[in-house]
Amino acid sequence: MDPVSQLASAGTFRALKEPLAFLRALELLFAIFAFATCGGYSGGLRLSVDCVNKTESNLSIDIAFAYPFRLHQVTFEVPTCEGKERQKLALVGDSSSSAEFFVTVAVFAFLYSLAATVVYIFFQNKYRENNRGPLIDFIVTVVFSFLWLVGSSAWAKGLSDVKVATDPNEVLLLMSACKQSYNKCLAVHSPVMSSLNTSVVFGFLNFILWAGNIWFVFKETGWHSSGQRYLSDPMEKHSSSYNQGGYNQDSYGSSGGYSQQASLGPSSDEFGQQPSGPTSFNNQI
C-alpha cells in the first residue's frame, strides 16, 4: 500500500464534522477568496478630452491600475489643447501597504488553516498528546483573529482612498485642459470595484470565523479542563460535608430517643410498686 493510501486509511475524516475542524476548513476557503479578490485585481478607467481644435482632442484616454495599488506610479498622457503638447500626469495616492498587509495575512492564514486541518484529520492523537498542540493552536488563533481585524480595517480604509483617487471626476481635475470651459472633458468609463468590495467583506468574515474558533480551540487546552476540575472539587467537598452532617444528626436523634426511653423506665416501675403498700397493709389486718 502506498503512503498516500495509508494516510487516507489512517485519517479520521469524521473530525471535519466537529466544530474545530469544520471552522478551520471554512477559514481555509474564506482566506482563498480574500487574497484572490484583492491580490488578483486589475482595473481601469477611460476619459475623454474634446478640445476646440478637434485635431488636438483625445476621446479615449485609458488609465490602468492593479494590485498593490501604488497609484502614484501610474502615469498617463493627456492633451493640453494648446497645440500638440502633451501633459504627463499620475494618479494620487499609495495604498500598497494596507493591500499587501491584507493579502499577506490571508496567505499565511490559508497556509496555517491547511496545516491545522491536516493535523486534525491525520494526527489527532499526537495533537492532543501532551497539550502542546492545543496551546500553540490557541495562541495562533488569537493572533490571527487580531491580524484579520487590523488588516481588514486597514484595507477598508485603503480601498476608500483607491476609490477616490481613481474616480474619473477627480482625475479630470488634474488636467489643465479641463480647467478651460471651452474644452469638454467627460468620464467615459469608471473602474469596477465589486471584487475589491468583496475582499473587504471576506476579510471581516475571516475575523468572525477566527474569533469564534477561539472558544473551540480553548476547550482543547489544559486550561479549560483544569478550570472544570477546580469548579467540581469545591462542589464535591460541600456535598460530602453535608452528607456527613446529616449522618451525625440522625445518630444524635436516635441516641436522644433511646435516652428518653431509658429515663421513662424507672418512673413506670415506681408506678408499678405503689400498690404494694396497701396490699401489705391488708394482709396484716
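The values are calculated or read from the model by the stated rules, or taken from the named source; none is laboratory data. In this text, all values refer to a predicted model and were calculated from it rather than measured experimentally. Here the Cβ positions follow ideal geometry from the backbone for every residue, glycine too, while neighbour counts run over all protein chains shown. These area figures cover heavy atoms from the full protein model, side chains too; ligands, DNA and RNA do not enter into them. Shrake-Rupley method; radii C 1.70, N 1.55, O 1.52, S 1.80 Å.
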>> Restricting to segment 38-53, give me the number of residues that are assigned to a strand (DSSP E or B) and within 41 Å of the chain's Cα centre (by Cα).
In response: 5
> Across segment 99-140, which residue is nearest to residue 35 (Cα to Cα) among those that are open to solvent by less than 50 Å² (accessible area, probe 1.4 Å) and among the small types (Gly, Ala, Ser)?
Replying inline: 106
> In this structure, does residue 112 turn out to be in a helix (DSSP H, G or I) and either free of Cβ contacts under 8 Å to residues at least 60 places away in the same chain or among the β-branched types (Val, Ile, Thr) (or both)?
Replying inline: yes
> Can you pull out the residues in segment 157-200 that are of a type in the set (Lys, Arg) and under 20 Å from residue 81 (Cβ atoms)?
Replying inline: 179, 184
>> Can you report the number of residues in segment 123-155 which are of a type in the set (D, E, K, R) and without any contact (Cβ under 8 Å) to a residue 24 or more places away in the chain?
In response: 3
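Results for (1) without any contact (Cβ under 8 Å) to a residue 12 or more places away in the chain; (2) not in a strand (DSSP E or B), shown as yes or no for each residue.
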| position | (1), (2) |
| --- | --- |
| 55 | yes, yes |
| 62 | no, no |
| 72 | no, yes |
| 81 | no, yes |
| 87 | no, no |
> Quick one: would you say residue 13 is open to solvent by 80 Å² or more (accessible area, probe 1.4 Å), under 26 Å from the mean Cα position of the chain (by Cα), modelled with pLDDT under 95 and among the aromatic types (Phe, Trp, Tyr)?
Replying inline: yes
>> Within segment 189-208, does at least one residue satisfy the condition of being surrounded by fewer than 19 Cβ atoms within 10 Å (Cβ to Cβ), among the hydroxyl-bearing types (Ser, Thr, Tyr), within 24 Å of residue 22 (Cβ to Cβ) and out of contact with any Asp or Glu (no Cβ under 8 Å at 6 or more places or on another chain)?
In response: yes
>> Quick check on this structure: which one of 21, 31 is farther than 30 Å from residue 184 by Cα, at pLDDT below 90 and surrounded by 19 or more Cβ atoms within 10 Å (Cβ to Cβ)?
In response: 21
>> Quick check on residue 174: is it part of a loop (DSSP other than H, G, I, E, B) and modelled with pLDDT of 90 or more?
In response: yes
